[in-house]
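See structure below.
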Amino acid sequence: MSTSLKGKTAVVTGAAQGIGKAIARALAEAGAKVVISDINGEGAKSAAAEIGHGAKGVACDVTDVEQVNTMLEDAAEDGAIDILVNNASIVPFIAWDDVDLAHWRQIVDTNLTSVFIASRKATDMMRAAGRKGTVLNIGSNAFYAGTPNMSAYVAAKGGVVGFTRALATELGKDGIRVNAVMPGLTESDGVKASPHNEAFGFVEMLQAMPGKGQPEDIAKVVAFLVSDDAGWMTGQCVNVDAGMVRL
Ligand SMILES: NC(=O)c1ccc[n+]([C@@H]2O[C@H](COP(=O)([O-])OP(=O)(O)OC[C@H]3O[C@@H](n4cnc5c(N)ncnc54)[C@H](O)[C@@H]3O)[C@@H](O)[C@H]2O)c1
């Protein structure tokens, strides 16, 4: 069995770099027509050019309802998209003593409310077009681990878990599947440029298997979950973290 996404249209948010870019590549290589959306429009366009397979790069801030609605309408050339991957995120490193309301709101807006905004529009379009699409949210195993220096982020990712389960329940009757992938520490562009990069040694001790998680490790699981091969899976939050968290 090899995953095929031929004939499907997919949107991946926050896909100019890191895990999102690897997801966009995996979906495009599986045959999907992919829209790479990111607040960094130039980065999205160069990621699309690098990936090829007809991928398109567009500028879009996931916290802005109008930008998201327009981006999804433009992506849906025939009424709806088939696959929405809510990946865009700010991954902060900030001690509890420095967390204020402005930070909390920024992180919840970018990492949780954005998931609602894009899912609202995409699933409305899917149902109007009679399309059995799928929504895939990127969570984090930090939700289970209660990782330090990211309290607002951990809370937002917990919201993503709850939302994934609730939306799956409500949309199952329409044949729309909603799942999440929960990465462990992954060597993305964002992590490499942040203090999280220092945590690999510690995290490796907690993993069942040694090694540093790579964006491609996450992307392969996403490609499976959004494919028809996972047609009997919905409402699931799948950990991809070398067995660090065992549920
Ligand atoms: N890397 C890890 O260790 C790790 C672990 C667990 C979960 N995750 C999750 O994986 C996903 C990708 O993380 P990453 O490490 O690749 O991140 P990254 O920082 O490398 O990339 C994030 C992307 O999101 C974009 N973005 C940020 N704010 C945006 C906005 N308002 N609108 C649109 N795009 C925006 C950025 O421009 C960037 O291209 C995130 O959901 C993150 O929470 C990552």
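The values are calculated or read from the model by the stated rules, or taken from the named source; none is laboratory data. Bear in mind that the values here come from a model prediction, so they are computed numbers and not experimental data. Cβ: placed from backbone, ideal geometry, glycine included. Neighbour counts: every protein chain shown. In case anyone asks, the SASA skips ligands and DNA or RNA and just uses the protein heavy atoms, side chains included. Shrake-Rupley method; radii C 1.70, N 1.55, O 1.52, S 1.80 Å.
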How many angstrom lie between the Cα centre of the stretch 83-161 and the Cα centre of the stretch 55-74? 16
Can you send over the carbon and sulfur percentage of the accessible area for the stretch 9-240, probe radius 1.4 Å, protein chains only? 54
Accessible surface, the stretch 9-240, averaged per residue in Å² (probe 1.4 Å): 44
Ranking Tyr153, Tyr144 from most to least accessible area with a 1.4 Å probe gives Tyr144, Tyr153
Per-peptide average of other Cβ atoms within 10 Å, ordering 203-211, 87-95, 72-80 highest first: 87-95, 72-80, 203-211
Determine the shape class of the stretch 122-211: with a ≥ b ≥ c the square roots of the Cα gyration tensor eigenvalues, call it rounded for a/c under 1.5, and otherwise prolate if a/b is greater than b/c, oblate otherwise. prolate
Could you tell me which of Ile94, Gln17, Ala208 has its Cα farthest along the dipole of the stretch 9-240 towards the positive end, charges placed at Cβ (Lys, Arg +1; Asp, Glu -1), taken about the Cα centre? Ala208
Dipole in debye (nearest 20) - the stretch 116-201, about Cα centre, beta carbon charges: Lys, Arg +1; Asp, Glu -1: 480
Taking only DSSP H segments of four or more residues, each worth -39500 (n - 2.57), what value at 222 nm results for the chain once the sum is divided by all its residues, to the nearest 500 deg cm²/dmol? -12500 deg cm²/dmol
Counting Lys +1, Arg +1, Asp -1, Glu -1, what net charge surrounds Asp228 among other residues with beta carbon under 15 Å of its beta carbon? +3
Around Asn137, under 12 Å between beta carbons, what's the net of Lys plus Arg minus Asp minus Glu among the other residues? +3
With a Förster radius of 30 Å, plug the Cβ-Cβ distance of Lys6 and Ala59 into 1/(1 + (r/R0)^6) and report the FRET value to the nearest 0.05. 0.60
Theoretical gain in end-to-end length, Asp189 to Asp174 [0.36 nm per residue, Cα-Cα removed]: 1.7 nm
When only Cα pairs under 8 Å and 6 or more residues apart are kept, what is the percent relative contact order across the stretch 9-240? 21
What is the dipole size for the stretch 9-240, taken about its Cα centre, with +1 at each Lys and Arg Cβ and -1 at each Asp and Glu Cβ, in debye to the nearest 20? 560
Amide H neighbours of Lys8 at under 5 Å, excluding residues fewer than 5 places away on the same chain, with H built from the backbone geometry, are Lys33
With no solvent term and unit scatterers on the alpha-carbon positions of the stretch 9-240, Debye gives log₁₀ I(q)/I(0) at q = 0.12, 0.15 Å⁻¹ of -0.60, -0.97
Using the Karplus equation 6.51 cos²θ - 1.76 cosθ + 1.60 (θ = phi - 60°), what ³J(HN,Hα) coupling, rounded to whole Hz, does each residue of the stretch 190-203 give in order, writing x for Gly and Pro? x, 5, 4, 9, 10, x, 4, 4, 7, 8, 4, x, 5, 5
Could you name the lysines whose alpha carbon sits less than 26 Å from that of Lys157, not counting residues in the same chain fewer than 8 places away? Lys21, Lys121, Lys132, Lys173, Lys192, Lys212, Lys220
Tell me the net charge near Met71. Cut-off is 11 Å between Cβ atoms, Met71 excluded, with +1 for each Lys or Arg and -1 for each Asp or Glu. -4
If R0 = 35 Å, then Leu247 and Ala199, at their Cβ-Cβ distance, give a FRET efficiency to the nearest 0.05 of 0.95
Burial-style ranking of 19-26, 53-60, 96-103, 192-199, average other-beta-carbon count within 10 Å with highest first, yields 19-26, 53-60, 192-199, 96-103
